[in-house]
Structure formats: structure tokens, C-alpha cells
Ligand code: 6CS
Ligand code: FE
């Protein structure tokens, strides 16, 4: 267990609680005037809502190349048998593939693309590295939900991420529509931390990445957050990016459309916020879920 002061205790107390965030959302003390790809309005929106949609950041041709690569990875038996491959709870179809920035040159290029890295620099105001990468495939008709959660809650408890100084980019490889289980977010939820209830089982990731229960908010806290901010499900066209903070409450539903919904997901963490000992379980999760030894500042 971590010896650092735990600013965000979770899965410890017998009852859940909602407390104010103790870190800034935008980290540059110079404020929103800093140069970078995000406009002042976009930065303020991110600060207020905990996310912002960046339309058409990538071209259809670039996304088609990524989808081809995803198809090839999905057909590769060795990839499907690897630890990085997470299957759907019932059908066994490929649900997520982690650490794609390590196993695929195309996805490494996407993760390191200045259009994403410079945005991360702007929000986090420091050098950044990839904490986690994955592609989520959400297969046609049967792709299963991701229940409500704050990513930071898991990264803090299970990986030892000390502070809220990471940002995620969900790159839409296919269109995200109201029918195919798009990302749903609670605007403003990133200003509060939901301390969750329950003990983390050993090797929790083996089940949580298929269907998460521990580390999800209690209904009352979730209702409070939604009463304050509502729920939005941005329709992100292929090539668009949903940039969201590490503590923004989010979820996604089942994909009932007859075609897959595929997104690439990259988490940029500040080099000043590297993971240490987990605040929860004794054993840190594997490197493919949380970079701890391979830290390469980008850009
Ligand atoms: O366990 C994790 O690290 C993660 N799980 C979810 C459902 N979202 C973010 C992250 O990939
Ligand atoms: Fe998540």
C-alpha cells in the first residue's frame, strides 16, 4: 500500500461519499491564455464540463487505416490469445485490446500524434506520457456496456495514480451514434470525487474489464451528479475526439446497431503524476494496464 497521503480514499469506508476535487482541472497557472491547439473557449468548456468534443481532428483516410489495422489485429490468433485482449463476458468476442501503442506502429503513431499530444500538454501543463492505451471494439448487435465509473477512481486505488492530472482522448474510429452504445458523460461530475464501497478482489482487472462492479458509484451519488449536470452522449463522427478528464463520470450502453462501434482510447498522464504503490490492493496491475516502468515523455 502507498505511503503517500491518500487525497482520494475509496473502497475503504463502509459507506459511499461525495467530496470536492482537490486538484485543478487546467494545470497551467498562467490560465487559459497559453498557446496551443485548444481555443480559450474549448479550454473553458473542458474546465466547466470535464470534457470537450474536438470534431474532425483526423481525416476519414487516417481512420480507415486504423480500422484496417484493427481488423488485422482482431484476426491475429496470437493477439487474441494475449493478456492484452479482453473478451465480451458472454459472447467471447473481442471487447478491448490494451497497450496498442506498444504492439502496433499505426496506433503508436496515433497516440503520439501532435494533434493529441499538444492538447494534453495544454491541459496538463507538463511533459506527458501514455499511462494506458486501448481500442474498444463494441461488436455489432451484442457489444456490452461499460457501467458508470470515474477512471481515476480505479487508477488511484488499483494503480497508485496520486493526483487528478491525466486526460483521456477517445478517438472515434467509426461514427458514434445514439444506437451503437456511445460514450455518455455527466457534465461537471469531474469536480467531485465519489468514494466507492467494496473491497477490491485479487486480480480484479480480470473481471472488471469485462463487467465492472467494484469501483462504481452508488446510485445516490450518481443521481446527485446527474441532477446537477445531466447526461450527454456526444454524437462523434469518425475522426472526432472526445477529450475527457480522468475523473469525469462516464459509461456506455449496449451496441444494438448492426455494425461495430470502435474507438481508440489514449490516456496521457503528467510526468509529475507517475503511478506509485496502489492506494488499495497490495499488488499493482500489469504494465499493459498502467505504465510504471516504461515512461517515455512525448513530443
Ligand atoms: O480499468 C481501467 O483502467 C479502465 N476501465 C474502464 C472501464 N475504463 C477506463 C480504463 O480503461
Ligand atoms: Fe472508462
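The values are calculated or read from the model by the stated rules, or taken from the named source; none is laboratory data. Remember, it's a predicted structure, so these values are computed and weren't measured experimentally. So basically every Cβ, Gly included, is an ideal-geometry build from the backbone, and we count neighbours across all protein chains shown.
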Which of the residues that make up the stretch 157-176 are in a loop (DSSP other than H, G, I, E, B) and within 12 Å of ligand 1 (Cβ to nearest atom)?
161
Quick one: which of 160, 143 is surrounded by fewer than 24 Cβ atoms within 10 Å (Cβ to Cβ) and away from ligand 2 (no atom under 14 Å from the Cβ)?
160
Based on this model, can you work out whether residue 225 counts as crowded, with 22+ Cβ neighbours inside 10 Å, farther than 22 Å from residue 169 by Cβ and more than 13 Å from ligand 1 (Cβ to nearest atom)?
yes
Within the stretch 193-212, count every residue that is part of a loop (DSSP other than H, G, I, E, B) and over 24 Å from residue 179 (Cα atoms).
9
Given the conditions (1) in contact with a helix residue (DSSP H, G or I) (Cβ under 8 Å, 6 or more places away or on another chain); (2) within 16 Å of ligand 2 (Cβ to nearest atom); (3) modelled with pLDDT of 95 or more, report the number of the one that residue 137 does not fulfil.
(3)
Residues 299, 280: which one is modelled with pLDDT under 95, more than 22 Å from residue 56 (Cα to Cα) and in contact with a helix residue (DSSP H, G or I) (Cβ under 6 Å, 6 or more places away or on another chain)?
280
Of 182, 219, 187, the only residue that is at pLDDT 95 or above, surrounded by fewer than 16 Cβ atoms within 10 Å (Cβ to Cβ) and farther than 21 Å from residue 282 by Cβ is 219
Verdict on residue 101 being surrounded by 24 or more Cβ atoms within 10 Å (Cβ to Cβ) and at negative phi
no
All positions within the stretch 79-98 that are exposed (fewer than 14 other Cβ atoms within 10 Å of the Cβ) and closer than 14 Å to residue 132 by Cα:
none
Sole miss for residue 126 among (1) crowded, with 17+ Cβ neighbours inside 10 Å; (2) touching a strand residue (DSSP E or B) at 6+ places or on another chain (Cβ under 6 Å) is condition (1)
So, of the residues in the stretch 253-280 that are under 19 Å from residue 129 (Cβ atoms) and assigned to a strand (DSSP E or B), which turns out to be farthest from the chain's Cα centre (by Cα)?
270
Six or more apart or on different chains, Cβ under 8 Å: which pairs go from a residue in the stretch 263-288 that's closer than 30 Å to residue 140 by Cβ and within 13 Å of ligand 1 (Cβ to nearest atom) to one that's in a loop (DSSP other than H, G, I, E, B) and at pLDDT below 95? Could you list them?
263/138
Could you pull out every one of the helices (runs of 4 or more DSSP H) wholly within the stretch 1-92 that has 1 or more residues that are touching a strand residue (DSSP E or B) at 6+ places or on another chain (Cβ under 9 Å) and touching a residue at least 60 places away in the same chain (Cβ under 8 Å)?
40-49, 60-75
Of all residues in the stretch 215-248, which are within 14 Å of ligand 2 (Cβ to nearest atom) and part of a loop (DSSP other than H, G, I, E, B)?
215, 216, 217, 246, 247, 248
Counting just the residues of the stretch 147-156 that are within 9 Å of ligand 2 (Cβ to nearest atom) and not in a helix (DSSP H, G or I), which one comes out surrounded by the fewest Cβ atoms within 10 Å (Cβ to Cβ)?
149
